[in-house]
Each structure stands twice: as C-alpha cells, then as structure tokens.
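Quick notes on the structure that follows.
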Amino acid sequence: VTGTEALGIDIGGTKLAAGRVDADGTVLARARRDTPASDAGAIVAAVADLVDDLGGAELPVGVGAAGLVGPDGEVRYAPNLALTGVPLRRQLADRLGSRVVVDNDANVAAWGEFRCGAARDAGASMVMLTIGTGVGGGLVLDGRLVRGAGGLAAEFGHMVVSAGGPRCGCGNLGCLEALASGTAIGRTAAAAVAAGRVPAGSSLHDLPALTGKSVTTAAEAGDEAALAVLAEVGRWLGVGIASLVNALDPEVVVIGGGAMQAGELLLAPARAAAEEHLLGRLHRALPPVVPAELGDDAGVVGAALLALAA
Ligand SMILES: [Zn+2]
C-alpha cells in the first residue's frame, strides 16, 4: 500500500486525532485519544498506540503539532504541550520505524483545506485563518506551504492590527488574536456590558459566562447586542484579512476554527471591512473569503498528504 495511504495525526493541547487517509484525502478510518500533554514520552507512546489502532505500521506518518516546529521536525516551542525542544520527528521515526514528517498544526490544516477542502479549486495560493481560542494561520504560495526561514512563518494571529490595543496572550498589544478570536468575542461582549452599551432586555446580561460560544448562540437567536459584538469582531477580522491580501494577493482566504459557528455573522462584516481596507479597492476585487470545509479532519488529512508527498 506504500504510496497510496498514510496516517495523519493532529496533536492538540487536549486531544490527539488520527486518521488513515488515501491519496485523494478521503479518511478511511479514525481514532482519537486524550493528549497526555505534560509528558513528551507519553505523547510519543500515545501516537504509537494510535498508529497501532489504525493498523498503520509501515505507512508514512504525518504529524501536526500545536507549536512552533523547525524544518527538521524539532518542536521549538509549544505553550500547551511538553514538547518544547523535543526532536519529535526523530523520536517518532525511531519508535515507529516508518517515514515521519512533523509540521505545525495550522500548517497541516491549511494544506488539507488547500488540497481537498475549501481551497481545492485554487490553483496555487491560499491564506487560511483558524479562529478558535486563539488565531492560527497557514499560507500556500506557488503551490507550496510557506514555512519561513525557521519554520515560524504565517503566525497571522500575531500581526498587530491595532497598536496599543488589547493585550494578546503572547504579551503584545493589539494583535489580531486579541481582537478577532473566540476569546475576543467574549471579551468584547464583556466590555460592551461594562460600558453600558447593552440594552436591559439583552440576553447578554443573563449569560453565566460571556464566551465566543455563548455570545454566538445569543446572536443566532437574534439578540441585537450579541449581533453587534460579532459585527465588531468580524470587522477586526476583516482588517487583518485586508492586510494579508495586500501583502500576499492570495486566490482565496479560508476561515476555519470553532468561532466559525457564527458563520456569516462574522464573515459578512469581515468582508465589508476587508473591502474598505483593500489597496486599490476601486480597481480590483477582494478574493473569496470562505468558510473551511474539512472541520476537525483538516489537520489529519493535511498531515497525511504531506507524509505521502515527502
Ligand atoms: Zn499576539
């Protein structure tokens, strides 16, 4: 079967998702486990168990890991996993005896969407943003993933879009992630409540916690204040998209992640703001800004396809 199937494994901070994937990107079998996040040896062992579960001995293995990954497959920095400084590709290859590639989780998800998902019809270029607790990024130019000189490229969540703006988890002020993530939806709603901008009848006053999910659910039920929060966050997303399009001129912009539960409630204001900030906007069109299609499979599919091509 060599050359026609591979395993894709997505190492997140809380779960390990794995799949056996064919060359068309079809997931033939799936397995998952909790991530033993605090122990590198246990993570390697859990990946080996998943390979066993899927009957994948001998198959090439692609891994996406939540962290900064160097071109040698060594994890340089992983804030939520005990993998900082771990030569993960070499350890897995030694353990499994098969061909292993390791890349950043957002990169492999972007590759999955580029090859088989929302950007499959794009010829050669795509920008992807994954809007969850934070904001991940992936970039394809000239038909190739762009990893940068040290594997650290495409951290679009940490583009500064509002200098002096709210504090980001990375320590800087005004990053896109601080203004347009799931976390930012909750924070923007809390700020609106604190500033007295939310009318007395709004359900935002009654929610036990203001989170991306709870505010989105309120907006879907028609709550005007919640809709305004999503519009504000969506506009910041659009400012980030405009900067990316101005810099990179991609064929398509793909938006994924848990916050995309809000769908057009975020994307419509994002497109409007992106068009306002687009260079030469009277003489060109904004590329399509579309939702991701593969959901949780994107990382598994992209990692497997990278392993097949390695
Ligand atoms: Zn940041």
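Scan GLY8, GLY41, GLY3, GLY56 and give me the residue that is of a type outside the set (S, T, N, Q) and within 14 Å of ALA303 (Cα to Cα). Full working, then the answer.
Details: GLY41 fails: within 14 Å of ALA303 (Cα to Cα); GLY3 fails: within 14 Å of ALA303 (Cα to Cα); GLY56 fails: within 14 Å of ALA303 (Cα to Cα).
When all the criteria are applied, what remains is GLY8.
Within the stretch 15-52, the only residue that satisfies the criterion of being charged (D, E, K, R), more than 26 Å from GLU293 (Cα to Cα) and in contact (Cβ under 8 Å) with a residue 24 or more places away in the chain is ASP39.
For the condition modelled with pLDDT of 95 or more, within 16 Å of the ligand (Cβ to nearest atom) and in contact with an Asp or Glu (Cβ under 8 Å, 6 or more places away or on another chain), GLY157 qualifies.
The residue that is surrounded by the fewest Cβ atoms within 10 Å (Cβ to Cβ), among those in the stretch 162-220 that are without any contact (Cβ under 8 Å) to a residue 12 or more places away in the chain, within 14 Å of the ligand (Cβ to nearest atom) and among the hydrophobic types (A, V, I, L, M, F, W, C), is ALA163. Scanning the stretch 83-96 for residues that are surrounded by fewer than 17 Cβ atoms within 10 Å (Cβ to Cβ) and in contact (Cβ under 8 Å) with a residue 24 or more places away in the chain yields one hit, ARG95.
In the stretch 238-254 there is at least one residue matching the filter, namely being in contact with a Gly (Cβ under 9 Å, 6 or more places away or on another chain) and closer than 15 Å to GLY134 by Cβ.
Which residue is surrounded by the fewest Cβ atoms within 10 Å (Cβ to Cβ), if the candidates are limited to the stretch 250-261 and must be touching a residue at least 60 places away in the same chain (Cβ under 8 Å) and not in a strand (DSSP E or B)? Steps first, answer last, please.
From the stretch 250-261, those touching a residue at least 60 places away in the same chain (Cβ under 8 Å) are 250-260; that's our starting set.
Now narrow it down to the ones that are not in a strand (DSSP E or B): 250-252, 257-260.
Details: PRO250: 22, GLU251: 15, VAL252: 21, GLY257: 24, GLY258: 17, ALA259: 28, MET260: 21.
Filtering first and then ranking leaves GLU251.
With the condition kept exactly as written, say whether any residue in the stretch 271-290 is among the charged types (D, E, K, R), surrounded by fewer than 23 Cβ atoms within 10 Å (Cβ to Cβ) and touching a strand residue (DSSP E or B) at 6+ places or on another chain (Cβ under 7 Å). Within the stretch 271-290, one or more residues are among the charged types (D, E, K, R), surrounded by fewer than 23 Cβ atoms within 10 Å (Cβ to Cβ) and touching a strand residue (DSSP E or B) at 6+ places or on another chain (Cβ under 7 Å).
The values are calculated or read from the model by the stated rules, or taken from the named source; none is laboratory data. Bear in mind that the values here come from a model prediction, so they are computed numbers and not experimental data. Glycine also receives a Cβ, built like all others from the backbone with ideal geometry; neighbour counts cover every protein chain displayed.
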